[in-house]
Amino acid sequence: MIAILFLSVLLSSCAALDSSNDLCPNYPPMVEPLRQPRRVMTWLWTKNDSSAGLQSTLEYMRKNKASFNCASPTTFCLEERDDGTVDLGWVVLKEPIITTQGELLSALSDEGFDLIPLIFEDRSQQGDLLPVLRKLFANPTRFFESALRYAKIYNLQGFNIDFETEEVPTEEDFVGLRMFLDAFTALMHSVGLVVTMDINAQFPLFNNTILSNTAVDRFILMDTSMLSSHSSITQYSVTLLLTDLYLWIH
């Protein structure tokens, strides 16, 4: 919010300068830069929201599709298999507005929305996510194959990762996370998809130095505390406000 306010003031100042050359007569008039169309990604909290709440959000998006053109429903989770691998599982809808998460993705795609569904795993209360992540990092093949399959079936534009835990990772965990993110992003890029990741300063897993050196396309700040740190990931994320806007609406 602070960054958006700053940018708003900055752009207003630029407009004022442009309209009055008396303030800087030795400079030519400002020219509006070419910009890519913005993608406003709206988070749909399908895990816990009521049917009425989701319908209200979807109706707003439909009425304002020119701006709110990308949906990120809470669709996927991590699912441990009997063979010790970790796969993409489906988040159970609290109050199904459509029979399944898959049908919700299909319906949103049919309506013309871009889709970057969430891969959501919050074990901040249980404190047992790291063992699952270690299995995933050690053998991500099944996870990767499922992601490719679902992306093709539901015409996805990418995936948004949200792993939340208060456990303290080891150095090996950080290495595993970096290698996993780089491999997953490279695979998605090979088929024209993007990878974004939600980060929050309260969770030790989100190490700015490590994450800022991965191939992930976008980092989405879930709190403002990271804005005060002098890290490359903060600078990178704030600059994205010029081209993309991500909103948590629920």
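Output wanted: per-residue J couplings in Hz (rounded whole) for segment 140-148, from phi through Karplus 6.51 cos²θ - 1.76 cosθ + 1.60, θ = phi - 60°, x for Gly and Pro.
For segment 140-148, the Karplus-derived couplings read x, 4, 4, 4, 4, 4, 5, 4, 4 Hz, x marking Gly and Pro.
Round to the nearest 0.05 the FRET efficiency obtained for Ser56 and Val191 when R0 = 30 Å and r is the Cβ-Cβ distance.
E(calc), rounded to 0.05, equals 0.35.
With the Cα gyration tensor of segment 138-229 giving a ≥ b ≥ c as the square roots of its eigenvalues, does the rule (a/c under 1.5 for rounded; else a/b larger than b/c for prolate; else oblate) give rounded, prolate or oblate? Mind showing how you got there, number by number?
Working: a/c = 2.13, a/b = 1.55, b/c = 1.38.
Judged from the Cα gyration tensor, segment 138-229 comes out prolate (a/c at least 1.5, a/b above b/c).
Mind ordering 74-86, 149-161 by average Cβ neighbours within 10 Å, highest first? Can you show the working numbers first?
Numbers: 74-86: 16.4, 149-161: 18.2.
Taking the mean over residues of other Cβ atoms within 10 Å, the ranking is 149-161, 74-86.
Every number here is computed from the coordinates shown, using simple stated rules; none is lab data. Computed from a predicted model, the values in this text were never measured in an experiment. FYI the Cβ positions are ideal-geometry reconstructions off the backbone, even for glycines, and counts take in every protein chain you see.
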